[in-house]
Amino acid sequence: MPVLNGKELRIVGFLCNWCSYGGADTAGTARAGQPTDLRIIRVPCSGRIDPLFIVKALLNGADGVLVSGCHPRDCHYAAGNFYARRRLEVLKQFLPVLGIDDRRFEYTWVSASEGQRWQHVVQTFTKRIHDLGPAPKLEDPEPLLKVVDMALTSLRPLGTGQKNKLDELKAAIKAKLPELELVIGWQQGYDAARTVPLFMRTPEDVDKLVWGPFNVNNPAVYLPQYKGKKVGIVVKGCDAKSVVELLQENLINREDVTIFAMPCEGTLDMARVNQELGRYTTIDKVEYDEAGVTITADGKEHRFCMNDYAQGKCYGCTMPTAVISDTLIGTPTEVKPGPYTPPELALLDSMSLDERLAFWRGQMERCIRCYACRNACPMCVCRDYCIAESREPHWISQDDSTRDKLFFQTIHAMHLAGRCTGCGECQRACPVGIPILALRQQIARAVGQLFDGYKSGVDPEAVPPLLGYEVEEKNIHEREWK
Amino acid sequence: MRIGVFICHCGSNIAGTVDCAKVAENARMFPDVVLAQDIMYTCAEPGQAAIEAAIHEHKLDGVVVASCSPRIHEPTFRRTVERAGLNRYMFEMANIREHVSWIGKDKEANTNKATELVQIAVAKLRNDKPLKAKSFDVNKRVLIIGAGVAGIQAALDCAEGGIQVVLVEREATIGGKMAKLDKTFPTVDCSACILGPKMVDVAQHPNITLYAKSEVEDISGYVGNFSIKIRKRATYVDWDKCTGCGACTEKCPAKKTPDAFNELVGPTTAINIAFPQAIPKKAVINPEYCRQLTKGKCGVCAKVCPTGAINYEQQDEVITEEVGCIVAATGYDLMDWTVYEEYGGGRYPDVVTSLQYERLLSASGPTEGHIKRPSDGKEPKNIVFIQCVGSRDRSIGRPYCSGFCCMYTAKQAILTKDHIPDSKSYVFYMDIRANGKIYDEFTRRAMEEYGTEYIRGRVSKIYPDGEGHLIVRGVDTLLGEGVEVKADLVVLAVGVEAAKGSPHLAEKLRISYDSYGFFLESHVKLKPVETNTAGVYLAGVCQGVKDIPASVAQGSAAAAKVLGLFSRDKLENDPQIASVDMKRCVDCGKCIRCCPFGAIKEVEFRGKMYAQVIETVCQGCGLCTSTCPQGAIQLSHATDNQILAEVNTLCQC
């Protein structure tokens, strides 16, 4: 239905049944006049409000979304609004990275007796939205294609890891192998400049194991399917964080998984390596030195210095050695955390809201909706039941629309809130090179800022911030309605 | 589907600012709508009859009523459609009165808004599924937490009604605060004389199991079937053997033990019986002061006990009780008044609380009913009462009125005059709140018959004059001038707050509480006894300040609720609860972690683990649904698809 003669803007409200819906009733009973723009959807509890409903509304034409629940402590269901508060605050901090003005979304608490407060909230919020004007649509701006600047300084020296004790690692795996169904690692792919996952079942398989800057895949992605079986896994520092998350979510059992680890010196950004190599027929040889790799393709030498060609995540890596392992080969590397913004996020940070919307429009037009990002993600544990492809529930259409493609990226990012370890597999797997990691990085940054620097993938016993709450949140404060 | 839409005029309440006929006309365009009518009063009998007739005539399988708030008439219309043979959940409501007609004057905008609200109701209804309630057995036993007068009343009423009662009391004796009072207003009858018999009834009633010196440690389960863990604190006395003879208390050498029952006015012995009418009348050792337990040498009580009841080795005991519902009656405590520096912040012994003064007045108290001031034991002649100490004071974050202080202050002034005829009482007050039966008459008696001087104003300072008196400096706002009273004793009417540990208990009970720790009732006016957790009821001051008559009334009211609940052999659950689609569940446990009610458990099915909703425990908040990434757990009647249908209807441009 078209918005009335341009007089109104589209404002959607999600109100909990017990407090705020009652507060709106109280306002009505008191004839507390309000603007007519707001349409209220009644839900049992603010905890029922999946932040994705809000993104869905905002991407599909809502100019503003207002959420209201019971005051903290007054929740009809004891704690629903405590959970809602954390999730909605994370969402509020996430929206700008999509190019959506976070002022278009607000949440508040109104009790069933606070008719006047409700009137004030509606008046204030409606005025705010009218001041902002109609929300820009994703299709409106000209696509803006910007490239991530990877010229970065690393927190530590990057290398090729050739001094590592691969033979010692192989021996350790062989020693354990009889107790294990298989051990997951890497082997050379179709040429010496590629690796593919290796599933070691015999000592001969173990001999195929390789270690170095081409070990880009995160083998943790395969672990949940072996839940209940005795398996081993070889991990880099970043892969280990995914293992920790899987343990935290009960998707694997610690006693079933044997973790082999070696300190990692960095991995190559294969997208940029391939770009540099261009079209070629054969890889003649790959030579390693301490600082980089020289690939000879069709007789032509290409030198890739790790400091220039590492994956974005490697520059800011503070955990090159696995946080959790059973067998650690080599000496753990200590890296001091330093100021570091991932390059993808830095690009988004440098843009205005309008530019970001234009950026995502351009990027999503390139998306072929192959779901490689999802399939490579070790934390995408829904597998065959991803809501991107289901009818029950039916979150997203199968249309080839930029909105739905961006909405899928939002689903992935929101589902990773407090879980994403920043392994970057989503972006690495993207066949068209969309810097989608930025969305996950923004979520992780928001979670860290809101919840005392919480980092996922460090402690298997930690309570993930979005599955817990504090009665008094240290870093979340109710905004005033002035 | 075949959907019927009914637009209510509500007289002119809606039709005044909404074109109801136009809304009905618009509604006919919505998918699956086969009938749309506007009706003068849908909730009235002809309106409901019209809906029923339309369901039959047009073979409707879903109904939308656009009228007032669903919080008012959703149950009404659900019954209507049920009478016509539809499932009660194949019904949706659009609120076009409170949310449209009453808050906007622009008829065009209102009509458009009402149309859209109907449209989203239709969109949701198209995703509705019939739901059926399930029934389950009820364990007809009740747990009552707290044995003050409210809890005692509830326990006795339930027990009389034939219900098995488990009564848990934190202190060594039941009776609560009322047991500490000397007399009660407005009749000035003896508190022990009216409460005592009830306490004895509790002890003797065959249907009551009493756990004194015990606390509720854990509560699990749901209405009809709660499982309670009760921690019985070690008393170091075998109560089965103790006869309450008191020989031990006479001989105990640790005579400087603080006397909690007497509000710390005067000491007691490390082994003691709270007061002569205590129920159960059993001795308890205070382990912090007992010489045997602290220093390992003494053992006097064990030597003198004629039944050999003393057991220094006794440990806490945890007992499990199964009940069907719970009454919380945990009462109150006085707030910490020492935050008031102007009253001496607790430094002057002759500034006492009203409850301490009750003990000074009481014949069973430390002074045996003779008013002696704590500092030197002299009889005070000038007594100043200060009201609203920690009540109605925003500066210390306590805006509420403690309710009964005006009345007991009048009572204490009257009793003071009775005890010491040549005494003079002064009362500094803000307002006199005496709104009960024979209450105002009572305060007037204090003033007129007993010559109590009431001074309307606050006290700014109390300080000793160095000659054994306290100078109370305040202001008389009626005269507009300062006053100073030379007092021998100052009694503070200290404001009440919920009993210590109330928030902790609320969390165990899964009920809400306010920032002062008082438990929240379901509805301030209409459900003052129920809580938002099914099967948990409230009685007494734990819900909000009230005096003895009101506490007793609420105790009986809670008992009535219990008896009402137990009048049925089976209970039905609300079918608007969550359920798990097993094929989608990956057993990540996120829903289990955040469910506020512990209503989700892991179950094994064909060698794999899944989440499963315990239907009787689930309260239907839907937190799990918004937590599950793969949408495997859905809240019936507020599924993702239903809310998405509403969002999509509103946002499609």
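Values in this text are rule-based calculations from the coordinates and carry no lab data. All of these numbers come straight from a predicted model, not from anything done at the bench. Positions of Cβ are generated from backbone atoms using ideal geometry, with glycine treated the same way; all protein chains shown enter the neighbour counts.
Ordering B:213-226, B:547-560 by mean Cβ neighbour count within 10 Å, with the highest value first, yields B:547-560, B:213-226.
Restricting the calculation to Cα atoms, the range A:1-84 yields a radius of gyration followed by a Dmax of 13.7, 43 Å. A Cβ-based charge dipole, computed about the Cα centre of chain A with Lys and Arg at +1 and Asp and Glu at -1, lands at about 800 debye. Which residues in the range A:272-288 have a backbone N closer than 11 Å to a point placed 7 Å from the Cα of A:Asp167 along the Cα-to-Cβ line? The answer is none. Its Cα centre serving as origin, the protein assembly as shown has a Cβ charge dipole (Lys and Arg +1, Asp and Glu -1) of approximately 780 debye.
Sorted from greatest to least, the principal axis extents spanned by the alpha carbons of chain B come out as 90, 70, 42 Å. Here the Kirkwood formula puts the hydrodynamic radius of the range B:448-566 at 17.9 Å, using every distinct Cα pair. Quick check: from the Cα gyration tensor, does the range A:321-382 come out rounded (a/c under 1.5), prolate or oblate? It is oblate, given that a/c is not under 1.5 and a/b is not larger than b/c.
Straight Cα distances below 22 angstrom link B:Lys570 to the lysines B:Lys132, B:Lys134, B:Lys140, B:Lys561, with same-chain residues fewer than 8 positions distant left out.
Hey, quick one: spin label on A:Val147, modelled 7 Å out along Cα-Cβ, who in the range A:273-296 has an amide N within reach, i.e. under 20 Å? So the set is A:273-280.
Placing dummy labels 7 Å off each Cα toward the beta-carbon, the span from B:Lys105 to A:Lys174 is 9.1 nm.
At what distance in angstrom do the alpha carbon centres of the range B:69-98 and the range B:392-435 lie from each other? If you average the Cα positions of each part, the centres end up 51 Å apart.
Among B:Ile383, B:Tyr400, B:Val351, whose Cα lies farthest out toward the positive end of the dipole of the range B:334-440, if unit charges sit on the beta carbon of Lys, Arg (+1) and Asp, Glu (-1)? Going by the Cα projections, it comes out as B:Tyr400. Remark: the Cα gyration tensor places the range A:116-228 in the prolate category, a/c being 1.5 or greater and a/b exceeding b/c.
Evaluating kT/(6 pi eta Rh) at 10 °C and 1.306 mPa s, with the Kirkwood radius of chain A over Cα pairs in the Stokes-Einstein relation, gives 65 µm² s⁻¹. From least to most packed, judged by other beta carbons within 10 angstrom and beginning with the fewest, B:Asp476, B:Asp128 follow the order B:Asp476, B:Asp128.
Shielding of peptide B:69-82 by partners, expressed as the average count of other chain Cβ atoms within 10 Å per residue Cβ, is 2. Note on A:374-387: average number of Cβ atoms from other chains within 10 Å of each residue's Cβ is 3.
Think of each Lys and Arg Cβ as +1 and each Asp and Glu Cβ as -1; about the Cα centre, that makes the dipole of chain B roughly 980 debye. By other beta-carbon atoms within 10 Å, ranking A:Ser397, A:Ser111 with the fewest at the front produces A:Ser397, A:Ser111.
The separation of the range A:167-181 from the range B:209-233, counted between C-alpha centres, amounts to 53 Å. Within straight cross-link reach of A:Lys170, meaning Cα distance under 26 Å, which lysines are found once same-chain residues fewer than 8 apart are removed? Leaving aside lysines fewer than 8 places away in the same chain, those within reach of A:Lys170 are A:Lys208, A:Lys227, A:Lys229, A:Lys230, A:Lys236, A:Lys241, A:Lys285. Among A:310-321, A:143-154, the peptide with the highest mean count of other Cβ atoms within 10 Å heads the list, and the full ranking is A:310-321, A:143-154. Coordinate range of the alpha-carbon atoms in the protein assembly as shown per principal axis, descending: 118, 83, 63 Å. Projecting label points 7 angstrom from Cα along Cα→Cβ for B:Thr294 and B:Thr243 puts them 3.1 nm apart. The order of B:Leu479, B:Leu470, B:Leu131, going from fewest to most other C-beta atoms within 10 Å of their C-beta, is B:Leu479, B:Leu131, B:Leu470.
For the range B:239-364, a Kirkwood radius taken over Cα pairs fed into Stokes-Einstein (37 °C, viscosity 0.692 mPa s) yields D = 190 µm²/s.
Amide H to amide H distances under 5 Å link B:Asp393 with B:Arg398, B:Tyr400, where only residues 5 or more positions off or on other chains count and H is placed in the peptide plane.
Size descriptors for the range B:576-653, from the alpha-carbon set: Rg then Dmax equal 13.3, 48 Å.
A straight chain from B:Ser567 to B:Lys251 at 0.36 nm per residue would run longer than the Cα-Cα distance by 108.6 nm. Residues whose amide H comes within less than 5 Å of that of A:Thr321, counting only those at least five positions distant or on another chain, are A:Cys264, A:Thr333 (H built at 1.01 Å from N in the peptide plane). Placing one identical point scatterer on every Cα of the range B:349-431 and ignoring solvent, what is log10 I(q)/I(0) from the Debye formula at q = 0.12, 0.16, 0.24 Å⁻¹? For the requested q values the scattering log ratios are -0.37, -0.64, -1.20. Mean sequence separation of contacting Cα pairs (under 8 Å, at least six apart), scaled by the length of the range B:454-596, corresponds to a relative contact order of 11 percent.
Classified by the C-alpha gyration tensor, the range A:285-410 has a prolate form. Its axis ratio a/c, with a ≥ b ≥ c, is 1.5 or above, and a/b is larger than b/c. The antiparallel fraction among DSSP beta bridges confined to the protein assembly as shown stands at about 50%.
When only alpha carbons are used to place a centre, the range A:423-482 and the range A:249-328 end up 26 Å from one another. Listed by chain and number, the aspartates and glutamates whose alpha-carbon sits under 15 Å from that of A:Lys176, ignoring those within fewer than 8 places in the same chain, are A:Asp167, A:Glu168, A:Glu204, A:Asp205, A:Asp207, A:Glu255, A:Asp256, A:Asp326.
Within 10 Å of the Cβ of each residue in B:106-114, the mean number of Cβ atoms contributed by other protein chains is 4.
How much of the DSSP beta bridge set in chain B is antiparallel, as a percent to the nearest 5? Given both bridge residues lie in chain B, the antiparallel proportion sits at roughly 50 percent. Averaging the sequence gap over all C-alpha pairs within less than 8 Å and six or more residues apart, then dividing by the number of residues, gives the range B:177-283 a relative contact order of 20 percent.
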